[in-house]
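These notes concern the structure reproduced below.
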Amino acid sequence: MAAERADAARNRLAILRATEELLVQRGLEHVSLDAVAARAGVGKGTVFRRFGNRTGLFRELLAERAARIRDAIDNGPPPLGPGAPAGDRLIGFLDELATLAAKNITLIAAHEQACAADKHQDPTYQRWHAHLVGLVHEIRPDADAEFLAHTLLGSFDGELVRRITDRGGVERLRTAVRDLARTIAPAMSAHATDPPAGSHAHTPGR
């Protein structure tokens, strides 16, 4: 059984890498279960059983990219992790998402297109939204935290990220999203300041 689990893990990694390579090199229209299976060196049935369809491939690839952010939120040091004021945590989380989005624009855009019909049901989106709802509610208990959390996540639309970073890089995106957060949640902690330049080297994503 251990050997089977190791094989399954290797196949999963090969399938995700093949999906990403096809997406970056040839575009969304060339990502199919057949093409992914051929590039990964596995049967189409293996891809289908593990991921179901192309949407499943993109969801899993995004979840992999977001895994370290998820772990840092739960167990990492502040301000991203527990222990910091909600305003600090909000800014820290949005900074991490900005870096992730800027480094994975093609994946983010493809994920949005493939999951357009049920974007808000995506597990990664739901985790991010729930985290933001908790932070916004703590900062502004009088506000509609659910709506404001959706509004903040809308800042990371793939094509919007591409347009903004093309004309100012990830720092422009981070600054703009921080400004939006402070506009909709002005009661953030007075200690919620912009992290110093170069403080994002640990951020996951490629």
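Applying the criterion of being part of a helix (DSSP H, G or I) and in contact (Cβ under 8 Å) with a residue 12 or more places away in the chain to the residues of the stretch 24-33, the residue that is farthest from residue 113 (Cα to Cα) is 33.
Looking across the stretch 112-137, the residues that are in a helix (DSSP H, G or I) and among the acidic types (Asp, Glu) come down to 112, 118.
So that you can scan it fast, the table gives a plain yes or no per residue for (1) outside any helix (DSSP H, G or I); (2) of a type outside the set (Gly, Ala, Ser); (3) closer than 21 Å to residue 19 by Cα; (4) not assigned by TED's automatic domain parsing to the domain that holds residue 21:
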| position | (1), (2), (3), (4) |
| --- | --- |
| 60 | no, yes, yes, yes |
| 63 | no, no, yes, yes |
| 67 | no, no, yes, yes |
| 73 | no, yes, no, yes |
| 81 | yes, no, no, yes |
| 92 | no, no, no, yes |
| 97 | no, yes, no, yes |
| 108 | no, yes, yes, yes |
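Evaluate the following for residue 98: is it closer than 30 Å to residue 9 by Cα and either of a type in the set (Ser, Thr, Tyr) or in contact with a helix residue (DSSP H, G or I) (Cβ under 9 Å, 6 or more places away or on another chain) (or both)? For residue 98, the condition - closer than 30 Å to residue 9 by Cα and either of a type in the set (Ser, Thr, Tyr) or in contact with a helix residue (DSSP H, G or I) (Cβ under 9 Å, 6 or more places away or on another chain) (or both) - is met. Across the stretch 99-133, the qualifying residues are those that are at pLDDT 95 or above and of a type in the set (A, V, I, L, M, F, W, C), and the one among them that is nearest to residue 61 (Cα to Cα) is 128. Restricting the stretch 81-127 to residues that are under 16 Å from residue 64 (Cα atoms) and among the β-branched types (Val, Ile, Thr), which is surrounded by the most Cβ atoms within 10 Å (Cβ to Cβ)? Once the filter is applied, the top-ranked residue is 108. Of the residues 25, 113, the single one that is within 24 Å of residue 165 (Cα to Cα), polar (S, T, N, Q) and more than 16 Å from the chain's Cα centre (by Cα) is 25. In this structure, residue 19 qualifies as in contact with a Leu (Cβ under 9 Å, 6 or more places away or on another chain), among the hydroxyl-bearing types (Ser, Thr, Tyr) and surrounded by 17 or more Cβ atoms within 10 Å (Cβ to Cβ). Scanning the stretch 47-58 for residues that are in a helix (DSSP H, G or I), surrounded by fewer than 19 Cβ atoms within 10 Å (Cβ to Cβ) and without any contact (Cβ under 8 Å) to a residue 60 or more places away in the chain yields 48, 49, 50, 56.
Picking from residues in the stretch 139-186 that are acidic (Asp, Glu) and more than 20 Å from residue 89 (Cβ to Cβ), the one that is surrounded by the most Cβ atoms within 10 Å (Cβ to Cβ) is 157. Looking at the stretch 59-80, which of the residues that are of a type outside the set (A, V, I, L, M, F, W, C), closer than 21 Å to residue 173 by Cα and buried (at least 17 other Cβ atoms within 10 Å of the Cβ) is modelled with the highest pLDDT? Per the criteria, the residue is 79.
So that you can scan it fast, the table gives a plain yes or no per residue for (1) in a helix (DSSP H, G or I); (2) in the same structural domain as residue 108 (by TED's automatic domain parsing); (3) closer than 29 Å to residue 158 by Cα:
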position: 5; (1), (2), (3): yes, no, no
position: 8; (1), (2), (3): yes, no, no
position: 13; (1), (2), (3): yes, no, yes
position: 17; (1), (2), (3): yes, no, yes
position: 22; (1), (2), (3): yes, no, yes
position: 35; (1), (2), (3): yes, no, yes
position: 39; (1), (2), (3): yes, no, yes
position: 42; (1), (2), (3): no, no, no
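Selection of the stretch 135-159 for residues being among the aliphatic types (A, V, I, L, M) and within 24 Å of residue 105 (Cβ to Cβ) yields 149, 152, 153.
The values are calculated or read from the model by the stated rules, or taken from the named source; none is laboratory data. Bear in mind that the values here come from a model prediction, so they are computed numbers and not experimental data. Every residue, glycine among them, receives a Cβ derived from its backbone with ideal geometry; neighbour counts consider all protein chains shown.
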